[in-house]
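Visitor: Once you've had a glance at the structure underneath, I'll fire off some questions.
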Amino acid sequence: MEHPENDKCYAGLSVNSGVAQPPSVNPYAGKRPRRKPLPTVPEMVEGILRGDVTMLSRAVTLVESLAPDHYALAQEVIEKCLPHSGRSRRIGITGVPGAGKSTSIDVFGLHVLRDGGKLAVLAIDPSSERTKGSILGDKTRMEKLSQHPDAFIRPSPSAGSLGGVARKTRETIVLCEAAGYNNIFVETVGVGQSETAVHSMVDFFLLIQLAGTGDELQGIKRGIMEMADGIVINKADGDNIGPAQLAQAQFRSALHLFPPTESGWKPEVLCYSGYYELGIAEVWDMIDRYFDFVRANGYFDEKRRRQARFWMYESIDEQLRKHFYDNPEVDALLRDNETEVLANRRSSFAAAAKVLDYYFRNKNNR
Ligand code: GDP
């Protein structure tokens, strides 16, 4: 078609009329993507037992879901997987941010997988919502492991109460074991309560420490050291070898002051370098010896039984709290009473009694 700008005065320039534009940049933008239908419980269980990673991931997503019908479904899957679980070494790994957890898990993981088998890396990070997406278990942090066909890396369930996050990780362990993962690492940041939760779901608890900070022993809570079955001092490379050995000696003498452990195992202190891959075999040799020791003296089974009992009560606690706080009438009553308490018009105890009284009288209504 002839265009006004094709006048001779614009010689050298030829303008064509444009093509008709579609009504929208993306005609499908308004349409909702279709969700894949959920597999049935038998399909999921069969897939998990076959070691199908997609099915395992979908089941873990159900475990993590907040929807009540997902919860019920997940419980059914877990129940069916339970007889196939338990046959793994569960290892908790903790250390402050920057201690080298992800670097170490990357090399520890490859070391473990050299003997065959499969490895699942899970995490407990109750703060993950604050940091917008989990920092722990993030695949990019474990570069080599994330490309390994026999490694399954799952970030921390997104934030909720620590009890809720920990329960989900505990249930994920069952699913992973049923899928044939015979090594489970559970990672956590060593700064709060989460290591107690991890300790209650693992067989061996590894504490990663750093040397040269001048406050090796003061910086960590005694409770965390008491839980450790092994303390490893990372970054023992280059100029840091001397300080690392010094820290090792300090930790060793500090451990002498602790009461004997329930297992009868004497926690060991080792130096290594995750980055330069030095001393890795020694760390795993210690862990192997621990497992031989506790399997031989019966502590391994005893601890697992106790952990199962602990999780039964944790689960009851969590469900009771949820049932209470999810009740909209209770919620309204709580808010009213809170105002009264803040205004000093009602005592905390009277307010608590009022709400609980209402709840107990009406708990069967829902
Ligand atoms: P995380 O926060 O505990 O997971 O720690 P990272 O694994 O992310 O490590 C924190 C920093 O320490 C990174 O810059 C690593 O490269 C470094 N790092 C980790 N392990 C070693 C080590 O063995 N030697 C040295 N020199 N640096 C290390």
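Visitor: Please list the equivalent ellipsoid semi-axes of the stretch 196-347, computed as the square roots of five times the alpha-carbon gyration tensor eigenvalues, in descending order and whole angstrom. List each step's numbers first, then the result.
Guide: Numbers: eigenvalues 350, 105, 39 Å².
In descending order the semi-axes read 42, 23, 14 Å.
Visitor: Hey, for a label at A296 modelled as a point 7 Å past Cα toward Cβ, could you say which residues of the stretch 75-92 have their backbone N under 20 Å away?
Guide: Backbone N within reach: 89-90.
Visitor: Please list the helices of the chain that count as membrane-span-like by this rule: a mean Kyte-Doolittle hydropathy of at least 0.0 together with Cα atoms stretching 15 Å or more along the helix axis, each helix being a complete DSSP H run. Intermediate values should be presented prior to the final figure.
Guide: Working: long enough: 53-64 (16 Å, 1.14); 68-81 (20 Å, -0.39); 101-113 (17 Å, 0.77); 162-178 (24 Å, 0.26); 241-256 (23 Å, 0.07); 280-296 (24 Å, 0.19); 299-325 (38 Å, -1.60); 328-342 (21 Å, -0.41); 348-362 (21 Å, 0.13).
Length and hydropathy pass: 53-64, 101-113, 162-178, 241-256, 280-296, 348-362.
Visitor: State, to one decimal in nm², a quarter of the convex hull surface area for the C-alpha atoms of the chain, i.e. the direction-averaged projected area.
Guide: 33.1
Visitor: Label-point separation (nm) for V96 and T54, each offset 7 Å from Cα along Cα-to-Cβ?
Guide: 4.5
Visitor: For the pair F360/S253, report the inter-label distance in nm, with labels modelled 7 Å from Cα in the Cβ direction.
Guide: Simple spin-label model gives 5.6 nm for this pair.
Visitor: Which number do you get for Rg(Cα) / (2.2 N^0.38 Å) in the stretch 51-134? If you can, show how the numbers build up before the last one.
Guide: Values: Rg = 15.6 Å, N = 84, 2.2 N^0.38 = 11.8 Å.
Computed over Cα atoms of the stretch 51-134, the ratio equals 1.31.
Visitor: May I ask you to order 260-268, 243-251, 56-64 by the average number of other C-beta atoms within 10 Å around their residues, highest value first? Please list the in-between numbers first.
Guide: Details: 260-268: 14.9, 243-251: 18.1, 56-64: 21.6.
In decreasing order of mean packing, 260-268, 243-251, 56-64 become 56-64, 243-251, 260-268.
Visitor: While we're on this one: Once the piece of chain linking E76 and Y10 is laid out straight, how much longer is it, given 0.36 nm per residue of separation minus the C-alpha distance between them? Write down the numbers at each step before the final one.
Guide: Details: separation 66, 0.36 × 66 = 23.76 nm, distance 7.62 nm.
Extra length from E76 to Y10 when fully extended: 16.1 nm.
Visitor: Then there is this: Nearest 0.05, what FRET efficiency do R222 and Y276 give at R0 = 30 Å with Cβ-Cβ as r?
Guide: On the way: r = 31 Å, r/R0 = 1.03.
Taking R0 as 30 Å, the efficiency between R222 and Y276 is 0.45.
Rule-based calculations on the coordinates, nothing more; no lab input. Source: prediction; values computed, not measured. Cβ coordinates were reconstructed from backbone atoms using ideal geometry, including for glycine residues, and neighbour counts include every protein chain displayed.
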